[in-house]
Amino acid sequence: MVSTENLNLFAQWAVDLMEALGSIGAGVAVAVENLFPPIPSEIILPLAGFAASRGSFPLWEVLLWTTIGSVVGALVLYGLGAWLGPARLRRIADRMPLVKVSDVDRTDAWFSRHGSKAVFFGRMIPIFRSLISIPAGIQRMPIGRFILLTTAGSAIWNTVFVVAGYLLGANWHHVERYADVLQYVVIGAVAVAAIAFVIVRLRQRSDGRMVS
């Protein structure tokens, strides 16, 4: 989680962008947030909603530009995944301790079956909402489908937080407190999964079953 000092820095940075560019500034902030997940959308989006509630710009403009910003940021990460590609990813996996090339193949197979759902729902999960674009690019998901699913998932996520900030007005910052709960759950689940993965692989290595 970000510190109170960093929260204030992020909020001020977003305010400066919106003062300079209007609702487009909110879209730029969200695009950057997609590329740098430590910048929390849980701050930018409610703050943009609060600005709309004060008449700085129409609510619909905020929803439009923040969704465009989400898609632009996601497309950059999609391009990164496409550049990485399955072959390069396998070479990287082959050099990583406790990771097998077959892990990449299984992940590819899973994404081939569930990629559309992963992209849509992933856009509404903290941390993964940005990162999900990379495997979509690796798999070369059809770009039209990727944009459609990303737009739909992002629009839902953005609308929830922007409207919350709009309705809460000066109390927009309370949204971040409740969003923290979901983020803690996600981080906890990832930590548990990572620990379980390491334990299983260490046992496989000790039993001589660690093969690619």
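The values are calculated or read from the model by the stated rules, or taken from the named source; none is laboratory data. The structure displayed is predicted, hence computed values, not measured ones. Cβ placement follows ideal geometry from the backbone for every residue including glycine, while neighbour counts extend to all protein chains displayed.
Observations on the structure shown:
- Only one of Gln204, Gln183 that is within 15 Å of the chain's Cα centre (by Cα), surrounded by fewer than 17 Cβ atoms within 10 Å (Cβ to Cβ) and at pLDDT below 70: Gln183
- Cβ-Cβ distances below 9 Å connect the following pairs, each with a first residue in region 108-123 that is surrounded by fewer than 18 Cβ atoms within 10 Å (Cβ to Cβ), a second residue that is not in a helix (DSSP H, G or I), and a separation of six or more residues or different chains: Asp108/Gln139; Ser112/Gln139; Ser116/Met141; Phe121/Ile132.
- Tabulated pairs, region 149-173, first over 28 Å from Gly137 (Cα atoms), second modelled with pLDDT under 85 and surrounded by fewer than 17 Cβ atoms within 10 Å (Cβ to Cβ), C-beta under 7 angstrom, 6+ apart or interchain: Leu168/His174
- Matching entry among Ala11, Ala51 (being at pLDDT below 90 and either crowded, with 22+ Cβ neighbours inside 10 Å or under 26 Å from Phe146 (Cβ atoms) (or both)): Ala51
- So Ile134, is it over 21 Å from Ala189 (Cα atoms) and either in contact with a helix residue (DSSP H, G or I) (Cβ under 9 Å, 6 or more places away or on another chain) or charged (D, E, K, R) (or both): no
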